[in-house]
Number of protein chains: 2
Amino acid sequence: MQTKRQIELVEAAIRVTANDGIQKLTIRNVASAIGVSEAAVYRHFASKHELLQAILVHLDSLLAPQFATLHASQGSYKEALTKFINDLFTLLEHNTAFTLMLFAEETFNVDIQLKPQLDALLSGNLKQLAKFYTDAIAEKRCRADLKPIELAMITFGTIRLYVSRWHMQDQPTNLMDYAAPVTASLSTLFSLQ
Amino acid sequence: MQTKRQIELVEAAIRVTANDGIQKLTIRNVASAIGVSEAAVYRHFASKHELLQAILVHLDSLLAPQFATLHASQGSYKEALTKFINDLFTLLEHNTAFTLMLFAEETFNVDIQLKPQLDALLSGNLKQLAKFYTDAIAEKRCRADLKPIELAMITFGTIRLYVSRWHMQDQPTNLMDYAAPVTASLSTLFSLQ
DNA sequence: TGTACGTTAGTAATCGTTAACTTACTCTGG
DNA sequence: CCAGAGTAAGTTAACGATTACTAACGTACA
């Protein structure tokens, strides 16, 4: 159960990390990001570890609905995948901080105790993707010579690398410009001949 | 030009980072990893920034030959890709610290001044992969409806995610067990011969 | 009156870095 | 051949800044 203030702190922490990297995710920086003292943070989180945990929960709650859209779609496999990637990229482009969502396991491997949660987060997302492909294969809308989990790994891995490259560019470009190629490539590869 | 001691320090730094995360990459930890004082480190690197730069150079020198094997092969393109992935996974499995190679841009985005080098490292690897696919397409041994750079992104993104998951597992499993599925999936998708 | 939420002002530990000094080796002139 | 100068590479001991965290206290509001 999260209070308003806790959510504010978590969002501030995500902003700090996305802007300046995990090294700058300090209690001091989070506190000053919402204009309070360091000690005030400890009124809401008992330790930095608990703040990190809350960040992961928050990121998961943002990412999960995105993956849920995969199943909600009524159209063809290609349309569903297109909508998923478009929605995801729009979200990431609108708020760069959300980029952290995709790379949580890379970023937060600081606190060894968070490992199980990080693993669960990634595994959950992959499972959703795999389920999407399982359905697509069952309905003969997707090639069946690869396992759903393999299709999911390829999809997620590819998306991550595109986002990673976009995030690394100097001049800010449109992530959406990348969306079309990714969708086109994957749906071309995975569709039935 | 690197001295022996510099290389020792860089290798120690890579070990520290791979084991405990970038937060633990401190001069103190690197120094004690080779059994000297902190001040001794500064006899070989003027600053932590220079150590970080040297790490990137080192990682690149390890990874570049791996990518070079793509072009050296005499057999089919499928065999070349198989050999590349097998060699890469063997290397990563043999020395877990090398896993950092694949995720350098994620790990070392601490020092903003390193960004150009990180970008160059990733771009260089992708360019090698793209060249491989360019050749394969030219000889009609790979599907031609995707651009080489897209094939390269998919390949590298997929490899990274497999390695990432393997690296995150609790009980140590064999990375090599994933090599065959990855190779099979990509060859099938790309009609690589 | 008590609880929620803030403050100031500290703590010990750790960060990157430097100063001053020691040790061991090599090069060079008489 | 060998004294002495120079240098490479280590040491201890500190520096100011920053880390996560805490104790004691103030204040608004039910």
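Place a +1 charge on the Cβ of each Lys and Arg in chain B and a -1 charge on the Cβ of each Asp and Glu, then give the dipole magnitude about the Cα centre in debye, rounded to the nearest 20.
I would put it at about 200 debye.
Sorted by mean Cβ packing within 10 Å, highest first, what order do the peptides A:150-162, A:109-121 take?
My ranking of the peptides, most packed first, is A:150-162, A:109-121.
Among A:Val163, A:Val57, what is the fewest-to-most ranking by other Cβ atoms within 10 Å?
By the 10 Å Cβ count, ascending, the order reads A:Val57, A:Val163.
Tell me, A:Val41, B:Val30 in order of fewest to most beta-carbon neighbours within 10 Å?
Exposure proxy ranking, most exposed first: A:Val41, B:Val30.
Can you divide the C-alpha Rg of the protein assembly as shown by 2.2 N^0.38 Å and report the result to two decimal places?
This ratio for the protein assembly as shown stands at 1.02.
How big is region A:108-168 along each principal axis, measuring the range of its Cα positions in Å and listing the largest first?
Answer, in whole Å and largest first: 43, 28, 14 Å.
Which residue, A:His58, B:Leu9, A:Gln2, has the largest displacement toward the positive end of the dipole of the protein assembly as shown when charges sit on each Cβ (Lys, Arg +1; Asp, Glu -1)?
A:His58
Can you tell me the dipole magnitude for the protein assembly as shown around its Cα centre, using point charges on the Cβ only (Lys, Arg +1; Asp, Glu -1), in Debye to the nearest 20?
So the magnitude is around 120 debye.
Considering only A:Pro116, A:Leu81, A:Met101, whose Cα is most displaced toward the positive end of the charge dipole of region A:69-139, charges sitting on Cβ of Lys, Arg (+1) and Asp, Glu (-1)?
Projecting each Cα onto the dipole axis, the largest value belongs to A:Leu81.
Measuring from the lowest to the highest alpha carbon on each principal axis, how far does region B:1-150 reach, largest first, in angstroms?
Computed over region B:1-150, the largest-to-smallest principal extents equal 58, 30, 28 Å.
Read-outs: derived from the displayed coordinates by stated rules, not from any lab. Because the structure is a prediction, the values reported are computed rather than measured. Note: ideal-geometry Cβ built from the backbone for every residue, glycine included; neighbour counts use all protein chains shown.
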